[in-house]
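Student: Could you have a look at this structure, given as structure tokens, before my questions?
The values are calculated or read from the model by the stated rules, or taken from the named source; none is laboratory data. Since the model is a prediction, treat every value here as computed from it, not as a measurement. We place every Cβ from the backbone using ideal geometry, glycine too, and count neighbours over all the protein chains shown.
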């Protein structure tokens, strides 16, 4: 890690190989057919800014933040990702993904959501993060997150009902 | 919720890795081309660095492997005419040669039975503590144009040599 931060090319390749499986998992459901580009853009941003990371133990959290934002940016084409309007998932409701039995089911549900909502789903379902942490990573107020609760889940539930 | 059902991006190829590295380093140039040759033909030539590099790089008069690992894979080389020592990380489709002030990367990826994507990186990477690297950033960017010309000639040389074989 320290060698990569000093610009050691071989160590930087090591960082690419260590982090890319995690970044691929984050970018896949958000950027969908643009996910491969999002992974490469994420890795470039990570390597170019690696020197600013003071605490190596924070690496994965830092990378997660970059990956999610790059994935949303890749599909929206916006340099400043507008994250207002993100939705929260209702803890009391059913998990719509429980009904999915194939990868195709999951991808079909995700494809009908805006990328910003897909980002929330990834952080809540795949990363198992709290509402507070999701709001922090996406740079929005917790109140805003809460006030827009259920939208993604509702949309997915409706979509699921239509498809069945 | 079964996490394995969620979409995942494709694994990075060696050419992807080299392209990412090039984009992250200010002082290097990168070029990728589709070669109309099977992967094995490309790598049999490029990967035989003692023979191939002096034929396509006009600045290299000789390249000698000075150390190998237990499997016979080169780990250190010396490059003439300056007798520049370099460490080397090499495996099938991937070769990264590193000197304190110079970097060369070569990567190949099979596209189909008759075509290979080849990536070539070369230049002076900014190495050192953050303030030193920031100081070097501007002059290295200016040098990048020269490296672009060098890389283009190298790739043209590889294309030419493959056509001859």
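Student: When you scan the range B:16-25, do you find a residue that is more than 10 Å from chain A (Cβ to nearest Cβ), over 13 Å from the mean Cα position of the chain (by Cα) and not in a helix (DSSP H, G or I), even just one?
Tutor: The answer is no, given that none of the residues of the range B:16-25 is more than 10 Å from chain A (Cβ to nearest Cβ), over 13 Å from the mean Cα position of the chain (by Cα) and not in a helix (DSSP H, G or I).
Student: Against the condition at pLDDT 95 or above and either surrounded by fewer than 17 Cβ atoms within 10 Å (Cβ to Cβ) or outside any strand (DSSP E or B) (or both), how does residue B:4 come out, does it pass?
Tutor: So residue B:4 does not fit the description; no.
Here is a yes/no grid of residues against (1) closer than 22 Å to residue B:16 by Cβ; (2) away from chain A (no Cβ under 14 Å); (3) touching a residue at least 40 places away in the same chain (Cβ under 8 Å):
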site: B:78; (1), (2), (3): no, yes, no
site: B:98; (1), (2), (3): yes, no, no
site: B:109; (1), (2), (3): yes, no, yes
site: B:120; (1), (2), (3): yes, yes, yes
site: B:134; (1), (2), (3): no, no, no
site: B:138; (1), (2), (3): no, yes, no
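Student: Now for a different question. In the range A:9-33, which residues are surrounded by 19 or more Cβ atoms within 10 Å (Cβ to Cβ) and more than 7 Å from every other protein chain (Cβ to nearest Cβ)?
Tutor: Within the range A:9-33, A:15, A:19, A:23, A:26, A:30, A:31 meet the criteria.
Student: Listed residues B:134, B:152, B:146; which is within 25 Å of residue B:86 (Cα to Cα), touching a strand residue (DSSP E or B) at 6+ places or on another chain (Cβ under 7 Å) and in a helix (DSSP H, G or I)?
Tutor: Being within 25 Å of residue B:86 (Cα to Cα), touching a strand residue (DSSP E or B) at 6+ places or on another chain (Cβ under 7 Å) and in a helix (DSSP H, G or I) holds for just one of B:134, B:152, B:146, which is B:152.
Student: Further question: For the range B:144-158, give me the residue count where each residue is within 17 Å of residue B:117 (Cβ to Cβ) and in contact with a helix residue (DSSP H, G or I) (Cβ under 9 Å, 6 or more places away or on another chain).
Tutor: Result for the range B:144-158: 4.
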